[in-house]
Amino acid sequence: MNKSILCCFLTLSLSHLLFTGCGTGGAAERNTTLVYPPWKHTWGVVRATPFKLRLFVGDKTHFNDPQGIACVRLQSWDDPTRTSDDDELTVYGVNSGDNCIIYNRSMFSLGIYGLDTDHAKFDRPWGIAADAKGNVYVVDRGNARVVRLFNPGKGLQFVGAIGGPGDEPGCFVDPCGVALDSDGVIYVTDAALGRVTIFDDSGRVVDVWEGFDSPDGIAVVTPDERSSFYRNDGFAVVIDSLNQRVRKLSLKGELLGETDAASWGGQDACLGYIVLDYHNQLLVTDRSGGCIHKLDRNLRYLTRFGQPGQGRYRFDEPRGIATYRHFGQTFVVERKGAHYFWVGVYVPRFEVQVRADSVRRELDVDFFLTEPAFCEIDILDSFGRFITRLVSQRRYPSGEGHLTWGLTVPKPPPQGVAYTAPPPEYRPDERLPDGEYTLHALFRAAYSSREDFACEVEAKFSLDSE
C-alpha cells in the first residue's frame, strides 16, 4: 500500500475503477487521459477532502486557498546515490490562505510548516518546487521573495531567502511561479515586472528574461535529464498574457513557440500552473474552465481532461499540478482538496477505411492518442473469432497515428508470443476473404500504469469483391 500517499491525500473514496475501454459506447465515453489508481495500490486513496484533512491535523489548518504543489522521491540519506522506494513520494502543498506548507512528513503522518515559524513567516505563499536532494523553494508572494527550505527526510527546515522587494535584477514586485531544474537552477516569474529571473543554487542571478505579459506558472526540463524520455531536449514553458497563453523558450530565453488558449476553444480560460511530464508534454490547469489542458512538447493541443464541479473526475477551480515524471503519478490541487491520478491514454478517434483500386485493396487505420502508448491490434471475424494480430507492442507517440494493412493474413507471430490459432479458413499469406470484420485495438500508456490500465477501442469494416 502507498502509505505516503495515504497520509497526503486522505481520501474518502472506497471504490476501484479499472478502466477497460475508452472508445465508443457507455463508460467508454469518459476521457481516460488520467485515471485514478487501482484499489490494490492505494486502498482507494485518490482524493483529499476537508473532512479527511481535519482527521489528520485537527484545527491546525484547513484548505484555505491552496496553490502550488510539488512531489519528489527523496534520496536515501544512508546512501545518497539511491532514492527511497518509488511509491514513497514526498508531496508538498501550498496552503496560501493559512500561510503554510502541508506535506507528508513520513509514511504515516502529515507535517505543517509555517504556522509556528517566526523567522520565516509566509505572506501568501504561491508556487513551489522541490528536488530529490531535499531542496524546496517556495514563492513568498506577499514578501516579494523566494524562501529556501530543506528536508533531510524528517521535516522541513528554513535555509534562507532569495530576493526581496524591488525592481532591480534579483528582486521582485509580484513573484508567482518557480521551477527547479536538474542542475539546481531556480527560475522565478514576476507578474508585475513581466520577466523571469534565473538564479544558481547559491541565489546569484545568472540571467533575466524580459518581455512577458504577467507571467505566472513555469516549468523547465534540461538536456540529459534522467526523468525525461527526450534526453537531448531542454526548454522552459511559461504561462502569461493574463493567464491566456503558453510560451516555449530555450534555456537561453529565446522564444521557440507560443499558443493561445483561445485556439483550443478556451476563450475564457484562466491558466495557472504548468508541469512537464516524462515525455516533455505539458499539463496546464485551467481554473475557470475546471479542467486540465494537455499539449505535446511542440505545443500541439492533445486534449482537455475533466469537468467543472466537485467529485471524481471533476475539478473545483484547479490550481497547482505536479507529476512524478518517471512513473507518472500526478497530483492536482483544487479549491477545497486534491486528486491523485495515474497517466492513462485516451483514443478520441479510431477509424478504418478499405481503400481499393484496380490492383489491390488495403485497410487504412487512423487514430489519435492523448499519450504515447503501446498498441496491440487484432482482426476478428463476424463471429468474434481471432484471425491474426496486426500490431504487437508497437509504441506510438501522442497525436495522429496511422497504419496500413494489405489485407493479407500474416504468417504466425514470432516464437515466444502465444496467439490463438486462426480458424482453418484463414490461411497465412492468403488474402482475407469477403465478409464482415472487427478491428480491435488495445492501448497502454508507457508508464507503470500499463500493468493495470488498458484503453480498448473497436471499429468494423466490410470486404466485398463486388
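Any read-out appearing in this document is the output of simple, stated calculations on the displayed coordinates, not a laboratory observation. Model, not experiment: these values are computed from the prediction. Don't worry about glycine lacking a Cβ; one is built from the backbone with ideal geometry, like all the others, and counts go over all protein chains shown.
Summary table below
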quantity: Neighbour-count order for S214, S465, fewest beta carbons within 10 angstrom listed first; calculated: S465, S214
quantity: Neighbour-count order for D286, D200, fewest beta carbons within 10 angstrom listed first; calculated: D200, D286
quantity: FRET efficiency, 1/(1 + (r/R0)^6) with R0 41 Å, evaluated for S263 and A132 via beta carbons; calculated: 0.70
quantity: C-alpha center-to-center spacing [the stretch 108-166, the stretch 194-223] in angstrom; calculated: 18
quantity: Normalised alpha carbon radius of gyration of the stretch 349-463 [divisor 2.2 N^0.38 Å]; calculated: 1.08
quantity: Cleavage-rule hits (trypsin sites (Lys or Arg not before Pro)) in the stretch 263-310: DSSP loop, at most 11 neighbouring Cβ within 10 angstrom; calculated: none
quantity: Ellipticity estimate at 222 nm from DSSP helix runs (n ≥ 4, -39,500 (n - 2.57)) divided over the chain, nearest 500; calculated: -1000 deg cm²/dmol
quantity: Inter-label distance for R394 and E425, nm, one decimal - labels placed 7 Å from Cα along Cα-to-Cβ; calculated: 2.7
quantity: Exposure proxy ranking, count of Cβ atoms within 10 Å, fewest first, for H402, H41, H62; calculated: H402, H62, H41
quantity: Modelled FRET efficiency - R0 35 Å, K40 with R335, Cβ distances, 0.05 increments; calculated: 0.70
quantity: Charged-residue dipole, Cβ positions (Lys, Arg, Asp, Glu), the stretch 229-351 about Cα centre, Debye nearest 20; calculated: 240
quantity: Correct choice for Cα extents along the principal axes in Å that was computed from the model, options (i) 67, 57, 56; (ii) 82, 46, 43; (iii) 64, 64, 55; calculated: (ii)
quantity: Relative contact order (%) - the stretch 188-237, alpha-carbon pairs under 8 angstrom, separation at least six; calculated: 29
quantity: Coil-residue trypsin sites (Lys or Arg not before Pro) of the stretch 123-219, DSSP, other Cβ within 10 Å capped at 12; calculated: K154, R204
quantity: Entries of K133/K336; K133/K248; K121/K154; K60/K154 with Cα pairs more than 24 Å apart; calculated: K133/K336; K133/K248
quantity: Total formal charge among the other residues, if their Cβ is under 12 angstrom from that of G203, Lys/Arg +1 and Asp/Glu -1; calculated: +1
quantity: Cleavage-rule hits, GluC sites (Glu not before Pro), the stretch 169-271, DSSP coil, Cβ neighbours within 10 Å at most 16; calculated: E210, E254
